[in-house]
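**Student:** My questions will all concern the structure given below.
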Amino acid sequence: MIGNIVIVIASIIGMEIFALYFHKYFMHGPGWSWHESHHIRTEGRFEKNDLYGLCFSLIAAGLFIAGSLWWTPLWWMALGFTIYGVLYGFVHDGLVHQRWPFRYVPKGGYLYRLVLAHRLHHHTLTKDGAVSFGFLWAEEPDRLKAQLKAHNE
Ligand SMILES: [Zn+2]
Ligand SMILES: [Zn+2]
């Protein structure tokens with residue numbers, strides 16, 4: 001059991017590290033055509049960027065199936081990725097972008113720092129020059145502001 005819990009926790013942490021680099025180098029790189037919809041205002045409830053979430057859910061679903069058929073550790077990995085997806089949805093789509101039917105904005109603490117940091121990510125409407133690519137991990141907002149300023153000078 002301990003081994004499985006380790007797999008789940010490692011998958012959550014690994015996914016945040018992967019997401020940070022994926023966001024920085026792929027979504028703000030060759031994958032910008034999907035991600036741009038998330039940096040500019042678009043009509044309607046959904047944006048093209050949501051397709052990334054859909055792709056990752058399909059990968060997790062595939063891992064659940066592979067894990068139950070062939071190799072159990074994959075199932076626990078899939079569980080970690082799914083928990084990451086839920087946390088991402090809660091923080092990014094919920095806390096930051098308020099895509100839920102009620103309004104709740106944290107007033108302080110680490111969650112507030114996460115919201116501020118991701119808002120600073122959205123100061124950039126283009127592919128280049130953005131700061132703060134993590135979703136569950138955020139740098140000190142003052143440092144991010146300095147990075148933004150340095151880039152715009
Ligand atoms: Zn972005
Ligand atoms: Zn965002």
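The values are calculated or read from the model by the stated rules, or taken from the named source; none is laboratory data. Small disclaimer: the values here were computed from a predicted structure and weren't measured. Note: ideal-geometry Cβ built from the backbone for every residue, glycine included; neighbour counts use all protein chains shown. These area figures cover heavy atoms from the full protein model, side chains too; ligands, DNA and RNA do not enter into them. Shrake-Rupley method; radii C 1.70, N 1.55, O 1.52, S 1.80 Å.
**Student:** Take Arg41, project a point 7 Å from its Cα along the Cβ direction, then tell me which residues of the stretch 98-118 have their backbone nitrogen under 15 Å from it.
**Tutor:** none
**Student:** Cα to Cα, under 15 Å, and not fewer than 8 places away if on the same chain: which aspartates and glutamates meet these conditions relative to Lys24?
**Tutor:** Within the straight-line cut-off, Lys24 pairs with Glu16, Glu36, Asp128, Glu139.
**Student:** Moving on. Show Thr124, Thr82 ordered by accessible area, largest first, where the area counts protein heavy atoms only and the probe is 1.4 Å. Before the final figure, lay out each step's value.
**Tutor:** On the way: Thr124 15, Thr82 55 Å².
Descending order: Thr82, Thr124.
**Student:** On a C-alpha basis, how far is the centre of the stretch 24-40 from the centre of the stretch 77-116 in Å? Whole number, if you could?
**Tutor:** Centre-to-centre (Cα) distance: 20 Å.
**Student:** If you wrap a convex hull around the C-alpha atoms of the chain and split its volume per residue, what is the figure in Å³?
**Tutor:** Convex hull volume per residue, Cα atoms: 133 Å³.
**Student:** I would also like to ask the following. For the chain, what does -39500 (n - 2.57) per DSSP helix run (n ≥ 4), summed and divided by total residues, give at 222 nm, in deg cm²/dmol to the nearest 500?
**Tutor:** Helix contribution divided over all residues of the chain: -19500 deg cm²/dmol.
**Student:** Quick one: net charge of His35's neighbours, Cβ under 15 Å, K/R +1, D/E -1?
**Tutor:** Taking every Cβ under 15 Å from that of His35, the sum is -1.
**Student:** Taking Cα pairs under 8 Å and at least six residues apart, what relative contact order does the chain come out at, in percent?
**Tutor:** 26 percent.
**Student:** Next up: In the chain, which whole DSSP H runs stretch at least 20 Å along their own axis (Cα) and average 1.6 or higher on the Kyte-Doolittle scale?
**Tutor:** Those that pass (Cα extent of 20 Å or more, hydropathy at least 1.6) are 2-21, 50-69.
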